[in-house]
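Take this structure first; my questions come after.
The values are calculated or read from the model by the stated rules, or taken from the named source; none is laboratory data. These numbers were taken from a predicted model, which means no experiment stands behind them. A quick note on method: Cβ atoms are made from the backbone with ideal geometry, for glycine too, and the neighbour counts reach across all protein chains shown.
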Amino acid sequence: MTVEDKIHAHAEEIEHLRVKSGALSISAYVRNVKDQVEPVFVVDFDTSKLSGYSDRYFEMMFGLQRIFLRPVDLWEKHMFEEQSRMHDLRQVSLSVFRATA
C-alpha cells in the first residue's frame, strides 16, 4: 500500500483529528526522502486563539503518528511556502482536508 493509499484509507480519522484539535484545515502531501515516500501534513490553526496552541499542535502531530505508526512531518501553514521550496512535494487531494471551521 502506498503512502497516498494510506492517507486516503485514514481520511475520516484525519478529519476527526482536525476537528478535535481545532484546526481550520489540513492538507496532505507526500515527499521522497532517501528512496522512501513520507507523508507531510500542513495544518492551519486559528492564530487568534493562542491559549493552548501548543497542546493542539502536538495533539495533531501525535495523532497523525498514531494513525501512520511512524513519525510524520506537520508543518504550519505559514511555514509551508518556505519549506515546500526545499522539498519535492506532491499533494494528495481529498475533499475532507478542505474543511474549514
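Give me the pairs, please: first residue somewhere in the range 33-61 and over 19 Å from A11 (Cα atoms), second residue anywhere and part of a loop (DSSP other than H, G, I, E, B) and polar (S, T, N, Q), beta-carbon distance under 8 Å, and either six or more positions apart or on two chains.
Here the result reads Y53/T47, each pair linking the range 33-61 to a residue that is part of a loop (DSSP other than H, G, I, E, B) and polar (S, T, N, Q).
Take the residues of the range 37-53 that are of a type in the set (S, T, Y) and either under 19 Å from F80 (Cβ atoms) or under 15 Å from the mean Cα position of the chain (by Cα) (or both): which is surrounded by the most Cβ atoms within 10 Å (Cβ to Cβ)?
Result: Y53.
Something else now. Quick one: in the range 1-17, of everything that is loosely packed, with under 11 Cβ neighbours inside 10 Å and in a helix (DSSP H, G or I), which residue is modelled with the lowest pLDDT?
If we take residues in the range 1-17 being loosely packed, with under 11 Cβ neighbours inside 10 Å and in a helix (DSSP H, G or I), then D5 is modelled with the lowest pLDDT.
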